[in-house]
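Asker: The following block contains the structure, expressed as C-alpha cells.
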Amino acid sequence: MQAVAREKSTYLEGFESAPAASARWLADLNRRGIDAFEARGFPGPREEAWRKTNLRPVTEHHFPVAEGQGTAPAELIERLGDLGECHRLVFVDGQFSSALSDLEGLAAGLTVAPFSEYGDSAPTHLTDRLASRADIHWHPFAALNTAFFADGAYVHVAAGSLIEKPLAITHITTPEADGRAIYPRVLVDAEDGSEVRVVERFIGDAQTGAMVCPVSELFAGERTILDYSRLQEDGIATINIGTVNLTAQAEASLRGAFVGDGGRLARLDLIADLEGEHGEIDCNGIYLTEGRQFTDFHNWFNHRVPNCYSRQRFKGILQGRSETIFDGLVKVFEGAQKTDAVQENRNLVLGKRSLAHSNPRLEIYADDVKCTHGSTVGELDQEAYFYLRTRGIDAAGAQGMLTLAFAGEIVDMFRVSGVRDHVRKVLMRRLGVEDDDIGDIL
C-alpha cells in the first residue's frame, strides 16, 4: 500500500482529499481530467513542444487550488471599466462574482451564465460541448484544468442572433491566491448564422505568485462571425499557462486578438481547427515583455477541409532581459485543396539581453495550396531613429514613435474598439510615451 501511495502525484492527492463537485456531470468530468493528468504527467525537457519552456517554477512547487474567493483590491475593480461599454461576467480566484458582474439587458438569443448557476440541470448544449475540444490526453495543463475547475463561463448564441454589445469575461487573481492555483474555464457556442464579440481578460495583484491554468473552447457554427479577444495582463509574479481551442464550420469567420503582457511565465497553446469549407480563422497578436518575463505562444492551425483561409500575425516587443517564443504550425491535411494560409512573426528587440525565439512551420499533405510563413528578429531602424532625433525629438520619444509604428499594424486589426483603445494605452505606458500626439500613430 505504501508503494501505491508514493506513485500518486501531489495533484492526485489534492484531488482525492477535496470534496467532489455537487453536480454529477461536473464530478465525472473532473475525474476524467485527473485520470488524464496522472497518465500524462508534466512534460519533460525532451518533449519538442515544451523544450524551450522552463517549467521548473511549476514542477518544483505544488500549487493547491485556491480556497474560496479572495477580496479583489480596489485598483483591480477599477480596471473592469478599461474596455468601455460591454456586458460583464467576472470571476474572482476562479469563482463567479455576482457583485462585480453586470449582465443586465442581454440581447435576445444570448445566454451568459456561470456553470454554477445550473447545478445538476446544465443544458445539453453545455454538457455536450464542454471539454469536447480541449485535449486532456495531449495537454497536461488542460488536464489539470479539467480536473480542478469548479465554475466557468457559458456563452451561447442562438442561431441567427446578432449581438452588437461585446461581452467581457474577466478573471481576477487576488492576494489570497498567493501560492495557489486557479483554473478558469470558458465555453462559447455561436450557432449557425449568429454574430458575437467576446473578450476574455486576466488581471491580478502584482505581488501574487499564483498559477493560473485557463482553458477556453470556442465554436463558430456555419456562417457565423465570432470575434474573440484574449488579454493576458496578470500580475508580474503570476504564472499563466493555458489553452484556447477555436473551431470554425463552413463559411464561418472566427477572428482572434491576443495580447501577452503580464506574468513572469506565460504560455498559450492556441489550437485552431477549420472544419467546414470556406471557413476562415484570422488571429493577430502582440506580446510585450520586460525585466525577466518569459512569454510563449504556441499556435497549431489545422486545415482539415478544402477552400479554407487562415492568417496568423504575431509581433513581439522585448525589453530588459526578457525572453519570448513564437512557435507556429500550419498543418494542411490530405484533401484540403485550395488552402490559403499565412503565418508571420516579427520581433523587435529593445533590450540588449533580450532573447526572441521564432519557429514558424508548415506541414502540408495536399498539392494545390498557397501557404507562406516568415519571421524576423531585429532592432530599431537606426536611420529612422537618427532622422527623428535630428528633428528635435528626444531619445525616448523617437524610440516610442518607432515602436508604436511597429505595433500599430497589429493593433489596427483588433476588431473590438474597446480592446483596440485599451491596448494602445498599454503600449504607451509600457514604452513610457506620455505625448498623446505620439500615441496617435496607432
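The values are calculated or read from the model by the stated rules, or taken from the named source; none is laboratory data. Everything quoted here is computed from the prediction, not taken from an experiment. A quick note on method: Cβ atoms are made from the backbone with ideal geometry, for glycine too, and the neighbour counts reach across all protein chains shown. Calculation scope for accessible area: heavy atoms of the full protein, side chains included, ligands and nucleic acids excluded. Shrake-Rupley method; radii C 1.70, N 1.55, O 1.52, S 1.80 Å.
Asker: Under 1.5 on a/c is rounded, so check that first for region 300-389, then, if it is not, pick prolate when a/b is larger than b/c and oblate when it is not; a ≥ b ≥ c are the square roots of the alpha carbon gyration tensor eigenvalues.
Answerer: prolate
Asker: Let me ask you something else. Taking 29 Å as the cut-off for C-alpha to C-alpha distance, list the pairs among K52/K331; K331/K425; K370/K425; K352/K425; K165/K425; K52/K338 that go past it.
Answerer: Violating the 29 Å Cα-Cα cut-off are K331/K425; K370/K425; K52/K338.
Asker: With every protein chain left in place, what is the accessible area of C371 in Å² (1.4 Å probe, nearest 10)?
Answerer: 30 Å²
Asker: Can you sort R292, R430, R321, R267 by 1.4 Å-probe accessible area, starting with the largest?
Answerer: Listed by decreasing accessible area, they come as R292, R321, R430, R267.
Asker: Sticking with this one: So what is the 222 nm mean residue ellipticity for the chain from helices alone, if each DSSP H run of at least 4 adds -39500 (n - 2.57) and you divide by all residues, rounding to the nearest 500 deg cm²/dmol? Kindly include the intermediate steps, with their values, before the conclusion.
Answerer: Values: 11 runs with 100 residues, N = 442.
Calculated from helices alone, the mean residue ellipticity at 222 nm is -6500 deg cm²/dmol.
Asker: Order the following by accessible area, largest value first: H137, H156, H373. Probe radius 1.4 Å; ligands, DNA and RNA are ignored.
Answerer: Working: H137 135, H156 20, H373 85 Å².
Largest accessible area first, the list is H137, H373, H156.
Asker: Leaving ligands, DNA and RNA out of it, work out the accessible area of I364 with a 1.4 Å probe and give it in Å² to the nearest 10.
Answerer: About 70 Å², ignoring ligands and nucleic acids.
Asker: Tell me, how many Å apart are the Cα centres for region 323-363 and for region 174-225?
Answerer: Distance between centres, Cα-based: 23 Å.
Asker: Charges only on Cβ, +1 for Lys and Arg, -1 for Asp and Glu: so what's the dipole of the chain about the Cα centre, in debye to the nearest 20?
Answerer: 1140 debye
Asker: Sticking with this one: Using the scaling law 2.2 N^0.38 Å as the reference, what is the normalised Cα Rg of region 163-241?
Answerer: Compactness ratio reported: 1.27.
Asker: At most 12 other Cβ atoms within 10 Å and a DSSP loop assignment: could you name the GluC sites (Glu not before Pro) in region 55-135 that fit?
Answerer: The qualifying sites are E60, E67, E85, E104.
Asker: Could I ask something else about it? So how much accessible area does S417 have, in Å² to the nearest 10, using a 1.4 Å probe?
Answerer: For S417, the solvent-accessible surface is approximately 60 Å².
Asker: At 1.4 Å probe radius, can you tell me the per residue accessible area of region 64-163 in Å²?
Answerer: Heavy-atom accessible area per residue stands at 44 Å².
Asker: OK, next. With Cβ to Cβ distances under 9 Å as the rule, what net charge do the other residues near G193 carry (K, R +1; D, E -1)?
Answerer: Working: positive: R223; negative: E191, D192, E195, E222.
Combined, the nearby Lys, Arg, Asp and Glu give -3.
Asker: What part of the accessible area of region 210-355, given as a whole %, is carbon or sulfur when the probe is 1.4 angstrom? Mind dumping the intermediate values first?
Answerer: On the way: 1590 of 3600 Å².
With neighbouring chains kept in place, the figure for region 210-355 is 44 percent.
Asker: I want the local charge near H125. Using Cβ-Cβ distances under 12 Å, sum +1 for each Lys or Arg and -1 for each Asp or Glu among the other residues.
Answerer: Numbers: positive: R129; negative: D128, D189, E191.
Net charge around H125: -2.
Asker: I need the Kirkwood Rh of the chain: take the reciprocal of the average 1/r across all distinct C-alpha pairs and report it in angstrom.
Answerer: This gives a value of 22.4 Å.
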